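Structure first, then comments.
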Amino acid sequence: ASTQFKVLMKGPLLPVRLQDNLDAQFTTYRLWQQDDQAAWLAQHGAEIDALVTSGNALMGASAELMDQLPNLKVICSNGVGYDAIDIAAAEARGIVVTNTPGVLNACVADTGMALLLDVARRISAADRYTRAGQWQSQGRYPLTTKVGGKVCGIVGLGGIGKALAKRAQAFDMDIHYYNPRSRPDVPYTRHDSLLSLAQRADFLVLTLPGGAATHHLVDAGVLRALGPKGFLINIARGSVVDEQALIAALQAGEIAGAGLDVFEQEPAVPAALRQRDDVVITPHLASSTEETMAAMADLVFENLLAFAQGEAVLTRVV
Ligand code: 8YV
């Protein structure tokens, strides 16, 4: 029965193996390949049972799209963050939503640690300096910042936050966190407010969900609390940080630097950030390893297969 399921892919899915698996098991359609998507949806929307999308800002699933797919039963997203999916709209329509928690924690935390080490020790900036021949022309690279012994302040102590904490601990950092719910299972120092954590942290690492509830949580006040020796690391969502306030804080020397994998208007990154040596930027690649993307792809596929066969899905969003 499962092969009768009609599956719409919203955009290209990585790794390609996910598309291949879907093609092999279901009748599939590629929305991004349609010349006139609105016309295609008007003609075929009612046939679609399942939507496969991702956590990417350009993907997701709006209430409007759900209305164009009146018989949609399930949305399987290739990502842990589901802020690009209108969850309330899905719930109201009785649509099941799945994501890919857990399997990406290690790689996302690795990226967070890499950005932290890079911005503290200026690895990327020093690489540019060396390549440009400045070691020879200008001499020794300026001194940087030690990581060991510093406070790593984690915002959102979920699976990714805990994986980050474990890594930061191995670098002799002191782990503090702010999380709405208390985490009695961890030995780390909890703060009652983000402001209190920012005040105490040398490195403020964002591993919390995006969406309306956390929009611009990191604003000018939080950055001021982080202070001129503090660094901001964002491996969560661009929406969590007021990017203009961040640029202003960097320009005014109110914080020491930032390591950013996510941005407010991806894939656009403001020139004011791209210019700076105290900012390390990567193109939303935290989960993008062969191994992790394969595990995510398999989880997306297994969720959809389970649903199509009338079984309980593996990782359902609340
Ligand atoms: C993207 C992510 O979804 O999991 C998330 O929330 O942000 C990423 O893993 C992934 O790049 C989409 O293919």
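Just so you know, all these numbers are worked out from the coordinates, no wet-lab data involved. Treat the numbers as computed from the prediction; the structure is a model and nothing was measured. So basically every Cβ, Gly included, is an ideal-geometry build from the backbone, and we count neighbours across all protein chains shown.
Give me the number: length gained by fully extending A213 to D23, i.e. 0.36 nm times residue separation minus the C-alpha to C-alpha distance, one decimal in nm.
64.8 nm
With the Cα gyration tensor of region 55-214 giving a ≥ b ≥ c as the square roots of its eigenvalues, does the rule (a/c under 1.5 for rounded; else a/b larger than b/c for prolate; else oblate) give rounded, prolate or oblate?
It is oblate, given that a/c is not under 1.5 and a/b is not larger than b/c.
Test of understanding: what is the full-extension gain from Q265 to L285, defined as 0.36 nm times their sequence separation minus their Cα-Cα distance?
Result for the pair: 5.7 nm of gain on full extension.
Which peptide among 50-56, 209-215, 197-203 comes first, and what is the full order, when sorted by highest mean count of other Cβ atoms within 10 Å?
Values: 50-56: 24.7, 209-215: 14.9, 197-203: 22.9.
For the peptides 50-56, 209-215, 197-203, the packing ranking is 50-56, 197-203, 209-215.
Do the sum for the chain: with -39,500 (n - 2.57) for every DSSP H run of n ≥ 4, divided by all residues, what is the mean residue ellipticity at 222 nm, to the nearest 500 deg cm²/dmol? If you can, show how the numbers build up before the last one.
Values: 13 runs with 119 residues, N = 318.
Only helices count here, giving -10500 deg cm²/dmol.
Work through the residues other than A125 whose Cβ is under 13 Å from its Cβ and net out their charges, Lys, Arg +1 and Asp, Glu -1.
+2
Can you give me the C-alpha center-to-center distance between region 131-166 and region 224-260, rounded to a whole angstrom?
About 14 Å separates the Cα centre of region 131-166 from the one of region 224-260.
Cross-link partners among lysines for K229, C-alpha distance below 27 Å, same-chain residues fewer than 8 apart left out?
Qualifying lysines at Cα under 27 Å: K146, K150, K162, K166.
E91 versus A38, label points 7 Å from Cα toward the beta carbon: distance in nm?
So the two model labels end up 3.1 nm from each other.
Can you check what the net charge comes to around A220, using other residues whose Cβ is under 14 Å from the Cβ of A220 (Lys, Arg +1; Asp, Glu -1)?
Once positives and negatives cancel, what remains is -3.
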